[in-house]
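Working notes, beginning with the structure itself.
What follows draws every value from the coordinates through simple rules; no lab data is involved. The model shown is predicted, which means the values in this text are computed figures rather than measured ones.
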Amino acid sequence: MNIIRGTKNITGPIPYPVVAIGNFDGVHVGHQILFRKAAEL
């Protein structure tokens, strides 16, 4: 999994992109599930 902050930091094509947009104020159980599912895709 790569974390890209801002579109200016994308240097080329990203194979099979999954995007999570939001302000994550800590990684609680709900966020952990979201990140795990995104990484599985």
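Between Ile33 and Asn9, residue separation times 0.36 nm minus the direct Cα-Cα distance comes to 6.1 nm. Backbone phi angles across the range 3-11, fed through the Karplus curve with coefficients 6.51, -1.76 and 1.60 (θ = phi - 60°), yield HN-Hα couplings of 9, 10, 9, x, 5, 5, 8, 8, 9 Hz in residue order; Gly and Pro are listed as x. Angle of helix 29-40 to the longest C-alpha principal axis of the chain, folded into 0 to 90 degrees and rounded to 10: 40°.
Given the rule -39500 (n - 2.57) for each run of at least 4 DSSP H residues, summed and divided by the residues of the chain, what is its mean residue ellipticity at 222 nm, to the nearest 500 deg cm²/dmol?
-9000 deg cm²/dmol
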